[in-house]
Amino acid sequence: TVGAVAMDSKGVIVAATSTGGLTNKIPGRIGDTPQAGAGFWAEEIGHRKPLIVRILSGKTEERASVGLSGTGNGDGFIRSNLCHSIVSLVKHKRYSLQRAAEQVIADTPTEAGVIGIDGFTGDAVFSMNCSMNRGYIDNGGAKVALYEGE
Amino acid sequence: MVEPRLVIHGGAGELTPNQLTKEQEKAYRHGLRASLEAGYQVLKEKDDALLAAVAAVVSLENNEVFNAGKGAVFTNAGTNELEASVMASGQYDKKAAAVSLVKHVKNPIKLAAELLKYEQDTHVLLAGEAVEKMAEEFGLEMVDQSYFFTQKRWDEHRRGLKKGAANTIDDEDKEEGYAPKG
């Protein structure tokens, strides 16, 4: 599986994922890559501001997008609706995307890795319980890594 | 206005530094870097997250080192069945579009992106021959199944058949430079 998450200057985030699936899978097997919420997710989220901030600043909510693309044992992603589970923690518990990804991946019994972009913080997000080929680029340059902890 | 950025992955699984030869490790790093540069170039020129993400994935699909497009793994029937998806925050009513059981589209991610923009059809996930016909109508490049073939994946497929289970990776695979496919 391969994937990319891009954010443009308007703050729009897109998750793109593509795969051949599992070696020697049964013909007709559909994995997590085309199943929204399992192998990918992107959404614009609104966080209502606290009352005092709404009164003082007049701004009622902060809106930003988040996006994820996943790779690993696809059936594990499907069973746990993994990417949507992560984004739900951002949406309802106001976790950062990184913290949400680490919590969900830590609870995932099968091999799993996700990449993402958190529009609230501007951060690139990587979380995995195995190794994952990955990379990141912005106007400060590019970086790639293969191994866990690299 | 926010600062544009791009992140990518090329597969996950169990991989330790001594599992890959220097050449294989170099091929992975080179392929990842080429994908970042392809996607970021589009991001700078077009400032469009969808076009940038698709450009980055096309680079990986065209690189046989990765399990997507050329270099995809085989089913236990010796065929290639590909799948891809895109999802965008804001701007597209359909939000997401995905394809599966695709066998003759060179870049499945381009088909998913065309479906996201295709207003006449509201379905999110399409599979099989009907969506391949749409790929032809969209003018996407169609290929014979042999395009996806690589000896490395074929050997992995044959070894797997001997073991009789999907995606079981053992020491022989690791000696062959098995790397995560995800």
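The values are calculated or read from the model by the stated rules, or taken from the named source; none is laboratory data. The shown structure was predicted, so the numbers you read here are calculated from the model rather than taken from an experiment. Virtual Cβ from ideal backbone geometry, glycine too; neighbours counted across all protein chains shown.
Determine whether A:Lys49 is charged (D, E, K, R), closer than 23 Å to A:Asn133 by Cα and touching a strand residue (DSSP E or B) at 6+ places or on another chain (Cβ under 9 Å). No; evaluated as a whole, the condition is false for this residue.
Find the residue count for the range B:67-80, including only residues that are within 11 Å of A:Ser18 (Cα to Cα) and either touching a Phe, Trp or Tyr at 6+ places or on another chain (Cβ under 8 Å) or modelled with pLDDT under 95 (or both). Count: 2. In the set B:Glu64, B:Glu83, only one residue is more than 8 Å from chain A (Cβ to nearest Cβ), modelled with pLDDT of 95 or more, closer than 21 Å to B:Gly13 by Cα and touching a helix residue (DSSP H, G or I) at 6+ places or on another chain (Cβ under 9 Å); that residue is B:Glu64. Only one entry in B:Lys94, B:Lys110 is more than 7 Å from chain A (Cβ to nearest Cβ), on the phi < 0 side of the Ramachandran plot and more than 15 Å from the chain's Cα centre (by Cα), namely B:Lys94. Exactly one residue out of A:Lys91, A:Lys59 is part of a loop (DSSP other than H, G, I, E, B) and farther than 30 Å from B:Glu129 by Cβ: that is A:Lys59. Residue pairs whose Cβ atoms lie under 6 Å apart, sitting 6 or more positions apart in sequence or on different chains, and linking a residue in the range B:30-58 that is buried (at least 24 other Cβ atoms within 10 Å of the Cβ) to a partner that is among the charged types (D, E, K, R) and not in a helix (DSSP H, G or I), are B:Ala49/A:Asp8.
Residues of the range B:113-130 that are more than 10 Å from chain A (Cβ to nearest Cβ) and either aromatic (Phe, Trp, Tyr) or crowded, with 22+ Cβ neighbours inside 10 Å (or both): B:Leu115, B:Tyr118.
Among the residues making up the range B:6-29, a single one is touching a residue at least 24 places away in the same chain (Cβ under 8 Å) and more than 26 Å from A:Gly74 (Cβ to Cβ): B:Thr21. Within the range A:96-150, being under 23 Å from A:Ile13 (Cβ atoms), among the hydroxyl-bearing types (Ser, Thr, Tyr) and at the interface with chain B (Cβ under 7 Å from one of its Cβ atoms) holds for one residue alone: A:Tyr136.
A quick yes/no check of all residues on (1) at pLDDT below 95; (2) at the interface with chain B (Cβ under 7 Å from one of its Cβ atoms); (3) on the phi > 0 side of the Ramachandran plot:
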| residue | (1), (2), (3) |
| --- | --- |
| A:Ile13 | no, yes, no |
| A:Ala16 | no, yes, no |
| A:Thr19 | no, yes, no |
| A:Arg29 | no, no, no |
| A:Thr33 | no, yes, no |
| A:Ala36 | no, yes, no |
| A:Leu51 | yes, no, no |
| A:Arg63 | yes, no, no |
| A:Leu68 | no, no, no |
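Count of the range B:104-123 residues, restricted to those that are at pLDDT below 95 and either over 25 Å from A:Ala6 (Cα atoms) or in contact with a Leu (Cβ under 9 Å, 6 or more places away or on another chain) (or both), is 4. Summed over the range B:101-112, residues that are farther than 23 Å from A:Ile13 by Cβ and either crowded, with 23+ Cβ neighbours inside 10 Å or hydrophobic (A, V, I, L, M, F, W, C) (or both) total 3.
Residues that are among the aliphatic types (A, V, I, L, M), under 28 Å from B:Asp144 (Cβ atoms) and more than 7 Å from chain A (Cβ to nearest Cβ) within the range B:39-61 comprise B:Leu51, B:Ala55, B:Val58, listed in sequence order.
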